[in-house]
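See below for the structure under consideration.
The values are calculated or read from the model by the stated rules, or taken from the named source; none is laboratory data. What you see is a predicted model, and the numbers here were worked out from it, not measured in a lab. Cβ placement follows ideal geometry from the backbone for every residue including glycine, while neighbour counts extend to all protein chains displayed.
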Amino acid sequence: MNAERLIKLADHLESGKLGHAEFDFGIINSGPDGTDAIDPTVCGTLGCAMGELPILFPDVFMFISKYGASVVCRRNNSSGRWHQDVCEFFDIDGNEQNHLFYPHGQDCLYYGGIPLNGGATAEQVASNIRAFVAKKIKDAETAE
């Protein structure tokens, strides 16, 4: 787990200065009418925590259009495998990614935090990220 990057994302989500006009935990990056929005600077765009990655880490991530949706991928990866890119960047596995970045994907007993639905706020997602990092650190210390 890359705790530093995860905490940087949590800080960003709590800052109130997001790259999208509206936080929507269920949408990576979309225009106000639900259409694909590659440019998050367009007024009225919606985005989730993963949708903030190209804003927070612009040298690493970008938006691409894939399967009729705007997704996040690494700049050096034109395949659009955003799931893999996010996992590798944060050094997490698929289950951990689900817990941190998808509505109804939380395993709170194993990873901490609270259950989140599509209406979760940026602050709630940030809190889950912090709880996840704290639990992983505690579990690693206990295992030693």
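Regarding region 96-107, can at least one residue be identified that is touching a residue at least 24 places away in the same chain (Cβ under 8 Å) and touching a strand residue (DSSP E or B) at 6+ places or on another chain (Cβ under 6 Å)? Scanning region 96-107 turns up no residue that is touching a residue at least 24 places away in the same chain (Cβ under 8 Å) and touching a strand residue (DSSP E or B) at 6+ places or on another chain (Cβ under 6 Å).
Considering only region 16-52, state which residues are among the small types (Gly, Ala, Ser), within 15 Å of the chain's Cα centre (by Cα) and farther than 17 Å from Phe132 by Cα.
Once the filter is applied, which keeps residues that are among the small types (Gly, Ala, Ser), within 15 Å of the chain's Cα centre (by Cα) and farther than 17 Å from Phe132 by Cα, region 16-52 yields Gly19, Gly26, Ser30, Gly47, Gly51.
Farther than 16 Å from His12 by Cα, of a type in the set (A, V, I, L, M, F, W, C) and assigned to a loop (DSSP other than H, G, I, E, B), is that true of Leu109? Answer is no for this residue. Might you check whether a residue that is modelled with pLDDT of 95 or more and of a type in the set (Asp, Glu) occurs anywhere in region 3-11? Yes, the conditions are met somewhere in region 3-11. Each residue in region 7-61 was checked for being assigned to a helix (DSSP H, G or I) and within 20 Å of Asn98 (Cβ to Cβ), and 8 of them qualify.
Against the conditions (1) out of contact with any strand residue (DSSP E or B) (no Cβ under 8 Å at 6 or more places or on another chain); (2) more than 13 Å from Gly26 (Cα to Cα), Val86 satisfies every one except (1). Of everything listed in (1) aliphatic (A, V, I, L, M); (2) crowded, with 20+ Cβ neighbours inside 10 Å; (3) in a loop (DSSP other than H, G, I, E, B), the single unmet condition for Ile114 is (2).
Check region 92-103 and report whether any residue there is of a type outside the set (Gly, Ala, Ser), loosely packed, with under 15 Cβ neighbours inside 10 Å, at negative phi and outside any helix (DSSP H, G or I). Give the steps one after another, and end with the answer.
Going through region 92-103, the residues of a type outside the set (Gly, Ala, Ser) turn out to be 92-93, 95-103.
Applying the additional criterion that residues be loosely packed, with under 15 Cβ neighbours inside 10 Å yields 93, 95.
Of the ones still in play, those that are also at negative phi are 93, 95.
Imposing the further condition that a residue be outside any helix (DSSP H, G or I) reduces the set to 93.
Within region 92-103 (the criterion being of a type outside the set (Gly, Ala, Ser), loosely packed, with under 15 Cβ neighbours inside 10 Å, at negative phi and outside any helix (DSSP H, G or I)), the answer is yes, since at least one residue qualifies.
Among Ala134, Ala140, which is under 20 Å from Glu14 (Cα atoms), among the aliphatic types (A, V, I, L, M), out of contact with any helix residue (DSSP H, G or I) (no Cβ under 8 Å at 6 or more places or on another chain) and free of Cβ contacts under 8 Å to residues at least 24 places away in the same chain?
Numbers: Ala140 fails: under 20 Å from Glu14 (Cα atoms).
Step by step, each of Ala134, Ala140 is checked, and only Ala134 is under 20 Å from Glu14 (Cα atoms), among the aliphatic types (A, V, I, L, M), out of contact with any helix residue (DSSP H, G or I) (no Cβ under 8 Å at 6 or more places or on another chain) and free of Cβ contacts under 8 Å to residues at least 24 places away in the same chain.
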